[in-house]
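Notes for the one structure printed next.
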Amino acid sequence: MTQNLNFANKNLRNRSFKGLDLCGANFSGSDIRGCNFTGAILRGANFQGVRTGQSRLRVQKLIARAGVTAVTVTAAGAVMGMIGGADAGAVAVAGTAATAIAATRGEAGIVAGAVAGAAAAIGASGIVTFWGGDTLRGIGLFLVSGVILGLTAIGFFIAVEQIEQLSVTSFRKADLTGAIFDAGAVLDADFSDARGLPW
C-alpha cells in the first residue's frame, strides 16, 4: 500500500512528523506553524509557499485553561465562604484546585489557574477580614495573596515561554537533501543540525 505524501494546502499546525520517512512529500501551500519534523527524512520534499514559525494555538489554550480554572476556584471559595464561613471557603478552594490539578495531571495552565484562584480567594478573605476589624490579620492575608500571585505569574510566564519554544516549526536533525523552500520559510524555522540544507 502506497503512503499518501500529499499534504498540500492543508492546515497542519502543531502536527508531529518526528522521525518519519517523508521522501518526496508535498507540503506546498500548507500551514506548518508549530510542526515538528525533528529527525524526519524529507529528501526532495516540497515546502514552497508554506507558513512556518510559531503557532499561538498552544499558548492561547494555556491562557484559556488558566483563566477558567482561576475563575472556578475563586468562585467555589467565594460561594462556600458565604454559605459556611471562611473555613468552608478555604476547603472549597483547596478541593477545587486539587481536583483540577489531579484531573489534568498537573498541566501548567491548570496549576497556574488553580494557584491564582486560591491567591485571589485568600486576598478577598484578607479584605473582608480587614474591614471586619482584624486589621493585622487582614493585611497579612492580603500580602500572602500578593506573594502567591507574583510567584504564580512568574511560573505562568515561564510555561508560556517553554510552549512558545516548542511551537516553532522544527527541522532539527532532519534530512533535507533536495528539499525545496521559499526564502521566507527559512527565517521562521529551526534548522539546527539538519542535513543536506539547500542553502
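The values are calculated or read from the model by the stated rules, or taken from the named source; none is laboratory data. All of these numbers come straight from a predicted model, not from anything done at the bench. A quick note on method: Cβ atoms are made from the backbone with ideal geometry, for glycine too, and the neighbour counts reach across all protein chains shown. The protein model used for the area step is the full one, side chains on, heavy atoms only, and it has no ligands, DNA or RNA in it. Shrake-Rupley method; radii C 1.70, N 1.55, O 1.52, S 1.80 Å.
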Which members of the range 125-143 meet the condition of being surrounded by fewer than 17 Cβ atoms within 10 Å (Cβ to Cβ) and modelled with pLDDT under 75? Ile127, Val128
Kindly provide the set of residues from the range 27-39 that are surrounded by 17 or more Cβ atoms within 10 Å (Cβ to Cβ), on the phi > 0 side of the Ramachandran plot and over 23 Å from the mean Cα position of the chain (by Cα), ordered by number. Gly39
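So that you can scan it fast, the table gives a plain yes or no per residue for (1) surrounded by fewer than 20 Cβ atoms within 10 Å (Cβ to Cβ); (2) among the aromatic types (Phe, Trp, Tyr); (3) modelled with pLDDT under 70; (4) part of a helix (DSSP H, G or I):
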site: Val147; (1), (2), (3), (4): yes, no, no, yes
site: Gly155; (1), (2), (3), (4): yes, no, yes, yes
site: Gln162; (1), (2), (3), (4): yes, no, yes, yes
site: Lys173; (1), (2), (3), (4): yes, no, no, no
site: Gly178; (1), (2), (3), (4): yes, no, no, no
Any residue at all in the range 106-124 that is surrounded by fewer than 18 Cβ atoms within 10 Å (Cβ to Cβ) and either at pLDDT 70 or above or among the small types (Gly, Ala, Ser) (or both)? yes
In contact with a Gly (Cβ under 8 Å, 6 or more places away or on another chain) and either farther than 13 Å from Leu176 by Cα or touching a residue at least 24 places away in the same chain (Cβ under 8 Å) (or both), is that true of Arg51? no
Inside the range 34-67, can you point out the residues that are among the polar types (S, T, N, Q), at pLDDT below 90, closer than 17 Å to Ser170 by Cα and not in a loop (DSSP other than H, G, I, E, B)? Gln54
So Ala102 passes all but one of these: (1) at pLDDT below 75; (2) touching a Ser or Thr at 6+ places or on another chain (Cβ under 8 Å). Which condition number does it fail? (2)
In the range 6-26, anything touching a Cys at 6+ places or on another chain (Cβ under 9 Å) and either open to solvent by 40 Å² or more (accessible area, probe 1.4 Å) or of a type outside the set (A, V, I, L, M) (or both) is listed as Arg13, Asn14, Arg15, Ser16, Phe17
Looking at the range 6-32, which of its residues are under 18 Å from Ala179 (Cβ atoms) and touching a residue at least 40 places away in the same chain (Cβ under 8 Å)? Ile32
